[in-house]
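Read the structure below first, then the notes.
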Amino acid sequence: MTTIKLHNTRTRTKEDFVPIDSDNVRMYVCGPTVYDRAHLGNARPVVVFDTLYRLLRHVYGADQVTYVRNFTDVDDKINATALARKQAGAEGSLEQLVQERSDETIGWYLHDMGALGALEPNAMPRATEYIAQMIEMIDGLIAKGHAYAAEGHVLFAVDSWKSGYGKLSGRSVDDMIAGARVEVAPYKKNPMDFVLWKPSTDELPGWDSPWGRGRPGWHIECSAMSYELLGASFDIHGGGNDLMFPHHENEIAQSCCAHPKGEFARVWLHNEMLQVEGKKMSKSLGNFFTVHDLLEQGVPGEVIRFVFLQTHYRKPMDWTEKKAREAEATLRKWRALTAGVEPAASAAPSVIEALADDLNTAGAIAELHRLAADGDAAALLASAQVLGLLGNDMGAWAEAMDLSTFAARLAEARAEAMQSKDFSEVDRLKSVFVAAGLEVRMSKEGVELVPAAGFDASKLEDV
Ligand SMILES: [Zn+2]
């Protein structure tokens, strides 16, 4: 069996991955807060962990992997949108409007991530469905002396677990206090203590609890849901590296103190962030866009996925238009090469080897280029599909059309022109093909037409 190596943030080394139970490999990834469309940066962890999920399924078996990714549907931004709708005259209670906003956003999210070829995780729990489990966990933390109630809030007492807190991100509690912009509230015993439960006003969704009507803090939901769905010890926990502190640090503190016999997550994987044309994506720079925006502009989801996979997940990823154009041209070529071909029985070992080396997707793509250059269409197809590329469901944009009749027309015109010395028809055909986005290759052997980026078949209608 292939040995997968993964870089574990917790130990800062690349380790052989040994699952707790190879019949049920378990992975948890922090999902989105569902208040709006996912921007391009939000999609990076989705593609990274989808590729890892696919690799785990390839190595251990499709039914031997459990992938859980949550939806955070308790959030002030969702509440604000719902409240604004209510004030604008929308019908229904605030709770219903909150739910409506979450449902709408989850629908968009699943559609957009599906367009990127992301498989749906085995479970996608919503925070609002696990409030009782969160309350139970918080109650247990208080009973063990790791948390305390104050003024309607419940806080995790960082001092109760000073030995463990900060290990993942490699900081001490004292450093964190010195460096962090922490909210200093009068009811906190230590400024680093973080919220497990907070009170809700009448305009906010809330649930009854031993500490009054309120709602959970963000961190506790991942601890409660991963425990319910994956147990006290599981294999892999993933997310963007912007979540390492405080979110993941707080998840670890809660879970390890609530279930001291468990290990929580053994391997921690963090992906680097995404930039656009070399700059941080931000609304003020005008380079902020959603996955939906790109899809609407006609950038195929498969192209977005391909661009993402060209960069290793632990390196910053730079989205550029140039990369998107090149990716499109490559995928068109590969789709034309593999059209009507049955995939090989298994992926090329070199591709799996690259992926198994800490998810070296760039190396795997280099291998795909090699297979394409060798003309090994069956192996290319089987291998690309492990990376979520060249699937039947994603290729509508590149529908390979039969260009041979057009190539024959041009070859014929050339043959006639050789006799008549009148090349006007040859030139006319060439310019129509180029305008349609085809690369025209003419040699002694014949004529070849290759779709390039931006190929538009409708422009061939008047030929
Ligand atoms: Zn989380």
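Taking every pair of Cα atoms in region 402-463, average 1/r, invert it to obtain the Kirkwood radius, and report Rg/Rh to two decimals. If you can, show how the numbers build up before the last one.
Values: Rg = 11.3 Å, Rh = 11.8 Å.
With Rh from the inverse mean 1/r over Cα pairs, Rg/Rh is 0.96.
For the charge dipole of the chain, defined by +1 on Lys and Arg C-beta atoms and -1 on Asp and Glu C-beta atoms about the Cα centroid, which residue among 150, 340, 301 has the Cα displaced farthest towards the positive pole?
Positive-end residue among those listed: 150.
Mind putting together the pair-distance distribution for region 203-350? All Cα pairs, 5 Å bins, whole percent per bin, short to long.
Histogramming region 203-350 at 5 Å steps yields 2, 7, 11, 13, 12, 12, 13, 12, 9, 5, 2, 1, 0 percent.
Computing the accessible area with a 1.4 Å probe over protein heavy atoms, can you report the carbon and sulfur percentage for region 185-228? Present the calculation step by step, with values, prior to reporting the outcome.
Numbers: 940 of 1850 Å².
Ligands and nucleic acids excluded, carbon and sulfur give 51 percent.
With a 1.4 Å probe and all protein chains left in place, how much of the accessible area of region 301-431 comes from carbon and sulfur atoms, in whole percent? Show your work: numbers first, answer last.
On the way: 3140 of 6150 Å².
Taking all protein chains in place, region 301-431 shows 51 percent carbon and sulfur surface.
5 Å is the cut-off here: which amide hydrogens, built 1.01 Å from N in the peptide plane, fall below it relative to residue 150, excluding neighbours closer than 5 in sequence?
Residues meeting the amide H criterion: 155.
Could you give each residue of region 279-286 its phi-based ³J(HN,Hα) in whole Hz, using Karplus coefficients 6.51, -1.76, 1.60 with θ = phi - 60°, and x for Gly or Pro?
The phi angles translate into 10, 4, 6, 8, 5, 6, 7, x Hz.
Treating only the Cβ of Lys, Arg, Asp and Glu as charged (+1, +1, -1, -1), what charge dipole size does region 228-319 show about its Cα centre? Round to the nearest 20 debye.
200
Using a Förster radius of 35 Å, what is the FRET efficiency between residue 353 and residue 263 based on their Cβ-Cβ separation? Nearest 0.05, please. Let's see the in-between values first.
On the way: r = 29 Å, r/R0 = 0.82.
FRET efficiency, residue 353 to residue 263: 0.75.
Just order 34-47, 215-228, 155-168, 13-26 by mean Cβ neighbour count inside 10 Å, highest at the front, would you? All intermediate terms of the calculation are to be shown ahead of the outcome.
Numbers: 34-47: 21.3, 215-228: 23.9, 155-168: 18.9, 13-26: 15.1.
Most protected by this proxy first, the peptides run 215-228, 34-47, 155-168, 13-26.
Starting from the Cα of residue 104, step 7 Å along the direction of its Cβ; do the same at residue 339; then give the gap between the two resulting points in nm.
4.1
With a point put 7 Å past each Cα toward its Cβ, work out how far residue 80 is from residue 318 in nm, to one decimal.
3.3
For region 62-140, what is the convex hull (Cα atoms) projected area averaged across all directions, in square nanometres?
7.4
In sequence order, what are the phi-derived ³J(HN,Hα) couplings for region 268-274 according to the Karplus relation 6.51 cos²θ - 1.76 cosθ + 1.60 with θ = phi - 60°, rounded to whole Hz, with x for glycine and proline?
Working through the residues one at a time gives 10, 10, 10, 8, 6, 7, 10 Hz.
Using the scaling law 2.2 N^0.38 Å as the reference, what is the normalised Cα Rg of region 114-173?
Values: Rg = 16.9 Å, N = 60, 2.2 N^0.38 = 10.4 Å.
Here the answer is 1.62, to two decimals.
Among 124, 177, 368, pick out the residue whose Cα is farthest towards the positive end of the charge dipole of the chain, where Lys and Arg carry +1 and Asp and Glu carry -1 on C-beta, about the Cα centre.
Positive-most Cα among the choices belongs to 177.
Per residue, how much accessible area does the chain show when a 1.4 Å probe rolls over the protein heavy atoms, in square angstrom?
Details: 21060 Å² over 463 residues.
Ligands and nucleic acids excluded, the result is 45 Å² per residue.
Under a crude label model (7 Å from the Cα following the beta-carbon direction), how far is residue 393 from residue 441 in nanometres?
Between residue 393 and residue 441, the simple spin-label model gives 3.3 nm.
Near the amide H of residue 319, under 5 Å away, which other amide H atoms are found, from residues 5 or more places off or on another chain, if H is placed in the peptide plane?
275, 276, 277, 278
Under unit Cβ charges (Lys, Arg +1; Asp, Glu -1), what dipole magnitude, rounded to 20 debye, does the chain have relative to its Cα centre? Provide the component values of the computation, followed by the final result.
Numbers: 48 positive and 66 negative charges, 253 e Å.
The dipole magnitude comes to about 1220 debye.
Can you tell me, using C-alpha contacts under 8 Å and at least 6 residues apart, the relative contact order of region 1-126 as a whole percent? List each step's numbers first, then the result.
Values: 143 pairs, mean separation 37.3, N = 126.
So the answer I get is 30 percent.
Out of every Cα-Cα pair in region 287-375, what percent are more than 18 Å apart? Write down the numbers at each step before the final one.
Values: 2025 of 3916 pairs.
When every Cα pair of region 287-375 is considered, 52 percent fall beyond 18 Å.
What is the log10 of I(q)/I(0) for region 10-122, computed with the Debye formula using one identical point scatterer on each Cα and no solvent, at q = 0.22 Å⁻¹?
Values, matching the q order: -1.16.
I'd like the distance between the alpha-carbon centres of region 363-386 and region 11-36, rounded to an integer number of Å.
Region 363-386 and region 11-36 have Cα centres spaced 27 Å from each other.
Do you know the relative contact order of the chain, to the nearest whole percent, from alpha carbon pairs under 8 angstrom that are 6+ apart? The partial results should precede the final answer.
Details: 717 pairs, mean separation 75.3, N = 463.
Dividing the mean separation by the residue count of the chain yields 16 percent.
Normalised by the empirical 2.2 N^0.38 Å for globular proteins, what value does the Cα Rg of the chain take?
On the way: Rg = 26.6 Å, N = 463, 2.2 N^0.38 = 22.7 Å.
Dividing the Cα Rg of the chain by 2.2 N^0.38 Å gives 1.17.
For region 113-221, what mean projected area does the convex hull of the alpha carbons give, in nm²?
Details: hull surface 38.7 nm².
Averaged projected area of region 113-221's Cα convex hull equals 9.7 nm².
With a 1.4 Å probe and every protein chain kept in, tell me what percent of the accessible surface of region 1-98 is carbon plus sulfur. Let's see the in-between values first.
Details: 1830 of 4130 Å².
The computed percentage sits at 44.
When only C-alpha pairs under 8 Å and at least 6 residues apart count, what is the relative contact order of region 320-461, in percent? Don't skip to the answer; put the middle values down first.
Working: 143 pairs, mean separation 35.3, N = 142.
Computed value for region 320-461: 25 percent relative contact order.
Just the Kirkwood number for region 373-421, please: inverse of mean 1/r across all distinct Cα pairs, in Å, one decimal.
On the way: mean 1/r = 0.0718 Å⁻¹.
Computed over Cα pairs of region 373-421, the Kirkwood hydrodynamic radius comes out at 13.9 Å.
Given a Förster distance of 41 Å, report the FRET efficiency between residue 421 and residue 453 from their Cβ-Cβ distance, rounded to the nearest 0.05. Before the final figure, lay out each step's value.
On the way: r = 35 Å, r/R0 = 0.86.
The value I calculate is 0.70.
Evaluate the charge dipole of region 318-363 about its Cα centre and quote only its size in Debye, nearest 20, assuming +1 on the Cβ of each Lys and Arg and -1 on the Cβ of each Asp and Glu.
On the way: 6 positive and 8 negative charges, 72 e Å.
The dipole of region 318-363 has a size of about 340 debye.
Going by amide H atoms built from the backbone, whose H comes under 5 Å of the H on residue 25, apart from near neighbours?
It is 65, 66, by chain and number.
Subtracting the Cα-Cα distance from 0.36 nm times the residue separation, let me have the gained length for residue 2 to residue 184 in nm, one decimal.
Working: separation 182, 0.36 × 182 = 65.52 nm, distance 4.98 nm.
Residue separation times 0.36 nm, minus the Cα-Cα distance, leaves 60.5 nm.
How much mean residue ellipticity at 222 nm does the chain get from its helices, if each DSSP H run of length 4 or more adds -39500 (n - 2.57) and you divide by all residues, to the nearest 500 deg cm²/dmol?
-13000 deg cm²/dmol, from helical runs alone.
To check you understand DSSP bridge types, tell me what percent of the beta bridges within region 1-88 (both residues inside) are antiparallel, rounded to 5.
Values: 4 of 10 bridges.
Rounded to the nearest five, the antiparallel share is 40 percent.
Using only Cα atoms, figure out Rg for region 160-221 and give it as a multiple of 2.2 N^0.38 Å.
Numbers: Rg = 14.3 Å, N = 62, 2.2 N^0.38 = 10.6 Å.
In units of the globular-protein estimate, region 160-221 measures up at 1.35.
Please report, in cubic angstrom per residue, the volume enclosed by the convex hull of the alpha-carbon atoms of region 346-463. Present the calculation step by step, with values, prior to reporting the outcome.
Values: hull volume 13.9 nm³, N = 118.
Convex hull of Cα atoms, per residue: 118 Å³.
Given the C-alpha centroids of region 158-226 and region 402-463, what is the distance between them in whole angstrom?
Here the answer is 66 Å between Cα centres.
The values are calculated or read from the model by the stated rules, or taken from the named source; none is laboratory data. Just so it is clear, the structure is predicted and the values come from calculations on it, not from any experiment. All Cβ positions, even for glycine, are placed from backbone atoms using ideal geometry, and neighbour counts span all protein chains on display. Surface areas here come from the heavy atoms of the whole protein model, side chains and all, with no ligands, DNA or RNA. Shrake-Rupley method; radii C 1.70, N 1.55, O 1.52, S 1.80 Å.
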